[in-house]
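Presented below is the structure to which this report refers.
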Amino acid sequence: MTTKLPPLVLHLLAALGCLVLLVLLTLVTDPFTNLRIATVGYYLIAVAGLALLTGFNGQVSLGHGAFMFIGAYTVALLVKRVPAFPIWADLLLAVLAGGLAGLLAGAAAARLHGPYLAGATLALAVGLPAVTQRFPDLFAGSNGLSFTVNSQPAGLVGVVPPTRWQSWIVWLSVLLALVVLANLARGRLGRTLRAVRDDEVAASLAGVHVGRTKILAFLVSSACGGLAGGLQAFLLGTAAPGSFTPALSLSLLAALVLGGLGSLWGALWGAIALVYFQVWTDDFAELLSLRSDIADNLPLALYGVVLIVTVLAFPAGIQGGVRKLWVRVRRPAPSQRGES
Amino acid sequence: MTITSHEKLLEVDGVTVRFGGLVALHDVGLSIRPGTVVGVIGPNGAGKTTLFNVVCGFLRPDEGELRWKGRPLRKHRPDQLAGLGIARTLQGLGLFGGLTVLENVMTGAGRLARTGALASLLGTGRAARDERELRARSEDVLAELDIAHVADLLPGALPYGVRKRVALARALVAEPELLLLDEPASGLSTAEMDELATRITSLSEKTAVVLVEHHMDLVMRVCDEVVVLDFGEVIATGPPDVVRVDPAVADAYLGTAPEEQPSA
Ligand SMILES: Nc1ncnc2c1ncn2[C@@H]1O[C@H](COP(=O)(O)OP(=O)(O)OP(=O)(O)O)[C@@H](O)[C@H]1O
Ligand SMILES: [Mg+2]
């Protein structure tokens, strides 16, 4: 590979290709599936952001749902209070709000390690949604905010079904964000993040400002969380505290581990698993006509089982398994290659 | 600034470091001139690594001063060292286990990059060119150390001696003016040690070296000057042949010949 195109151009071209494929996919599927495809999209960017923080940089966050919460409420409040703003501006502000929160969290986190960091981020996930109860006038308490977004250009109303249109907006935003993440992952910054994860002392001797690097990882990662939350609010037309429980944060992390910590591809498998596992197990529970209290918890239980089995079989997650297969298919000699 | 010849590259002046009641370094002074190899020896726990940690800014001296090219080094941080032109290898390996050998070395070359974080985030053409240059330079250093063939492997898969070379490559790639080596020969075979000696000697044409080592034969062979630490104090300084026969040095090693010290 001796391509001279800068990563930005390469990644933009790849994103364009993906967007075309996804639009085609939404054209041949029903609105239900369109919604699911869009759901995979926003989970993907949330998990990809987490991949950067936890996989690349080694900072375990058990509270990434908090940044989704911030993004979702930013969009909800802007749509309701500042209807003049176009949706892309709302989403951009959701990214900034998530990033700003991450900057603060990251500055605090740079002093914390291992279980202390995990605990602090978990506290964030538990505590932040409770803010809605403190200011019910602004956030409408546990009911949350409901709204309609009129994002469709007048010419397309009635031509393109709303869910389909929304899924396009979601994937356009997600792919643009992924372009930045891919630039980062493949460039000097990605290497620096991984160096800090592996050995902080050696990284600092190599000229890396460890604290600043960790804060940057938090910033980018939580900005992705903000975008994910904003897209969720845009897609569902609601922002309610019940969507941002600590369980959400844990399942994001579980999705990352399941998909594979080391690369952005892992985030894709994880996001697909997160969305479709719920769907399949729901169908499965229905098939068995189980009592609702069992059926409701079945997805979570099965998810746990699959997570454990996958990690036992492929310690590097689904992507680790995919890579092994790939190596076996192509048969180059070295199998001990590093991730990128 | 035009040409300023620096008589001394690094000066350590009256440095004292205490850990609670333990005096790890007491009134330690030494200076490093360009193009020289200075050995720092002493029994386990003498304070050699602590001295490196003070120079690198991991520890602040309780007393005393450091000067780099005549300027005081006071509140410097470890990550500023590479920029000053000082590189160090760690007593352990300190390699990045999840990065390939080439990536390990490229991380060390970071100070040569001309584009910042934003360009890297945006994946601009300039950032890409920068990356290509870092890569080329890192590959050159790997080739110089005869380990180009392992560039794409993870360090964990390599024999210890090769990993030691990767650590050296990572320190050398930034083209430092001063190289601090903390026990570079530990775990090496006799042949590898021989090669290391040759390498250090040829390095010293471009780079001053401070060598912390337990292998006396290596120290005696490559050093222009030897500083002996014992319980945090400098007990002898001078050319290798003089220090070797210094009775205080033999005493510090508990009456045994320095050669018989185990390598940690
Ligand atoms: N961070 C620290 N806190 C407390 N004591 C320390 C610390 N670092 C070193 N020491 C102590 O200071 C003394 C000097 O340690 P140092 O690591 O500098 O020795 P050394 O000469 O490098 O020994 P070795 O040959 O075993 O590497 C030892 O007694 C050590 O236990
Ligand atoms: Mg030591």
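Laboratory data are not the source of any read-out in this text; all were calculated from the coordinates shown. The structure displayed is predicted, hence computed values, not measured ones. Positions of Cβ are backbone-derived with ideal geometry, glycine not excepted, and every protein chain shown enters the neighbour counts.
Distance from the Cα centre of the range A:227-251 to that of the range A:61-105, in angstrom? That distance is 11 Å. Can you pick out the pairs among A:Lys214/B:Lys69; A:Lys214/B:Lys206; B:Lys48/B:Lys206 whose Cα atoms lie more than 30 Å from each other? Table pairs above 30 Å Cα-Cα are A:Lys214/B:Lys69; A:Lys214/B:Lys206. Counting only other chain Cβ atoms within 10 Å of each residue's Cβ, the peptide B:91-100 averages 6. Less than 5 angstrom separates the built amide H of B:Val37 from those of B:Val209, B:Asp224, B:Glu225, all sequence-distant by 5 or more or on a different chain. Maximal additional length on extending the A:Val20-A:Ala130 stretch stands at 35.6 nm, based on 0.36 nm per residue less the C-alpha distance. Which angle from 0 to 90°, rounded to the nearest 10, does the C-alpha axis of helix B:125-144 make with the longest principal axis of chain B? Value to nearest ten degrees: 50. Length available on full extension from B:Thr198 to B:Lys8: 0.36 nm per residue minus the Cα-Cα distance, which gives 66.0 nm. 3J(HN,Hα) couplings calculated from phi for the range B:167-174 with the Karplus curve 6.51 cos²θ - 1.76 cosθ + 1.60 (θ = phi - 60°) are, in sequence order, 4, 5, 4, 5, 6, 6, 5, 7 Hz; Gly and Pro show x. Over the range A:7-244, Cα pairs under 8 Å with separation of 6+ residues give a relative contact order of 44 percent. To the nearest Å, what is the center-to-center distance of the range A:30-56 and the range B:181-238, using C-alpha atoms only? The range A:30-56 and the range B:181-238 have Cα centres separated by 54 Å.
Compute the Cα gyration tensor for the range A:176-288, then decide on rounded, prolate or oblate, letting a ≥ b ≥ c be the square roots of its eigenvalues: rounded whenever a/c is under 1.5, prolate when a/b is larger than b/c in the other cases, and oblate in all that remain. Prolate, since a/c reaches 1.5 and a/b exceeds b/c. In this structure the amide hydrogen of B:Arg18, modeled in the peptide plane, comes within under 5 Å of the amide hydrogens of B:Ala24, B:Asp62, none closer than 5 places in sequence on its chain. Excluding the site residues themselves, the longest part of chain B lacking any GluC sites (Glu not before Pro) in a DSSP loop with at most 16 other Cβ atoms within 10 Å is B:8-204. In terms of other Cβ atoms within 10 Å, B:Cys56, B:Cys223, A:Cys224, A:Cys18 run from fewest to most in the order A:Cys18, B:Cys56, B:Cys223, A:Cys224. Within chain A, the longest segment free of exposed loop sites, counting trypsin sites (Lys or Arg not before Pro) that fall outside DSSP classes H, G, I, E and B and have at most 11 other Cβ atoms within 10 Å, spans A:112-290.
Taking B:Ala151, B:Ala136, B:Ala24 as the candidate residues, the one with maximal mean-square fluctuation in a Gaussian network model of chain B, Cα springs under 10 Å, is B:Ala136.
Modelled spin-label separation between B:Arg126 and B:Tyr160, with each label point placed 7 Å from Cα along the Cα-to-Cβ direction: 4.6 nm.
Quickly estimate the mean residue ellipticity at 222 nm for chain B, helices only: each DSSP H run with n ≥ 4 gives -39500 (n - 2.57), and the total goes over all residues, rounded to 500. Per the formula, -10500 deg cm²/dmol.
Converting phi to 3J(HN,Hα) with the Karplus coefficients 6.51, -1.76 and 1.60 and the offset θ = phi - 60°, the range B:41-50 yields 10, x, x, 4, x, 6, x, 5, 5, 4 Hz in sequence order, with x at every glycine or proline. A cut-off of 5 Å between modelled amide H atoms, ignoring neighbours fewer than 5 places along the same chain, links B:Leu153 with B:Val101, B:Leu102. Normalised by the number of residues in the range B:116-212, the average gap of Cα pairs under 8 Å and 6 or more apart makes the relative contact order 24 percent.
For A:Ala295 and A:Ala108, the difference between the fully extended length at 0.36 nm per residue and the C-alpha to C-alpha distance is 63.3 nm.
May I ask you to list the residues of the range B:125-141 whose amide nitrogen lies under 16 Å from a point 7 Å from Cα along the Cα→beta-carbon direction of B:Lys206? Flagged as within label range: B:134-141.
Partner shielding of A:5-11 amounts to 5, given as the average count of beta-carbon atoms from other chains within 10 Å of each residue beta-carbon.
Packing, taken as the mean count of other beta carbons within 10 Å per residue, orders the peptides B:81-92, B:155-166 from highest to lowest as B:81-92, B:155-166. Which shape class applies to the range A:7-244: rounded if a/c is under 1.5, otherwise prolate when a/b exceeds b/c and oblate if not, where a ≥ b ≥ c are the square roots of the Cα gyration tensor eigenvalues? Since a/c reaches 1.5 but b/c is at least a/b, the shape of the range A:7-244 is classed as oblate.
When both bridge partners sit in the protein assembly as shown, DSSP labels roughly 55% of those beta bridges antiparallel.
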